[in-house]
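Worksheet for the structure shown next.
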Amino acid sequence: ELPSLPFRILLLCFMQNRPNLMLLINPVGVLPIAKIILMKNLLSGIVIITILVGCATHQNLDPKDTKITLFVTAQGLYGDPQNNDPNVILANCQLNDNQGAPTTSGPGIPSFQSKVFKNKMVTWDVEVDVNSDEAGYSVAIEQIEMKFTGPSTDDFFIKKVFAGKSGKVMARVKNADIQDKLYYYNILFSVKPKTGPKLFFEIDPILKGNN
């Protein structure tokens, strides 16, 4: 049985670009083979379109969304007998973001400022150093909280405390004038070895508002 007329027209257009194939085959006997070839080309086109759409979606991520990443030398921090000392905590931490702030560690962390934009997202994430990861240590952002007694010039969010989920925190900045205002806050994070209790630590950087 011959395929429908629309398919035969499509097949003819396909064959016109392959004259050698037309000489070697007869229109009836080759239809099943040609249909397979045609479907293969159509599927290839779909794959290419899917890839292009995915790339476009990735490129359309909002550049004003802020991502703040905390790096922790987990094994060194957990194993230090003075790990309740703020200086020891800072010495085992490093912060950076995607908004141009220089990577900062140690005593510079309390003055580390990340730019955030009104009505845009802020994500806090955490990573562990390679040696600690291989030793089975895990780290997580447990909570982000505004300093209740700090010198913040404005509250950037609808809540003062955000609990971590899957090791990170995501929050949207409120849609209001926050230009050049400062938000002082705490990052509460945890370190857990492969075996042993989870310990909690805290650092306190700053957000700087932009409209």
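FYI, it's all coordinate maths here, none of it is from the lab. Values in this document were obtained by computation on a predicted structure and should not be read as measured data. Cβ placement follows ideal geometry from the backbone for every residue including glycine, while neighbour counts extend to all protein chains displayed.
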Original post:
Fully extended, how many nm does the chain gain between Gln113 and Asn83 (0.36 nm per residue separation, minus their Cα-Cα distance)?
Top reply: 8.4 nm
Subject >> Projected label distance in nm at Leu182 and Glu202, using a 7 Å step from Cα toward the beta-carbon >> reply: 1.9
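By count of other Cβ within 10 Å, fewest leading, how are Leu207, Leu199, Leu90 ordered?
Leu199, Leu90, Leu207
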**OP:** For every other residue with a beta carbon closer than 10 angstrom to the beta carbon of Ala163, add +1 if it is Lys or Arg and -1 if Asp or Glu, then tell me the sum.
**Re:** 0
**OP:** Just order 112-122, 164-174, 98-108 by mean Cβ neighbour count inside 10 Å, highest at the front, would you?
**Re:** 112-122, 164-174, 98-108
**OP:** Starting from the Cα of Lys208, draw a straight line to each of the lysines and keep only those under 27 Å, dropping any in the same chain fewer than 8 residues away.
**Re:** Lys64, Lys67, Lys115, Lys118, Lys120, Lys147, Lys159, Lys160, Lys165, Lys168, Lys174, Lys181
Subject >> Counted charge near Lys198, where neighbours are those whose Cβ lies closer than 13 Å (Asp, Glu -1; Lys, Arg +1) >> reply: +1
Original post:
Projected onto the charge dipole of segment 60-211 (+1 at Lys/Arg Cβ, -1 at Asp/Glu Cβ, origin at the Cα centre), which of Leu188, Val130, Gly106 gives the Cα projection farthest towards the positive end?
Top reply: Leu188
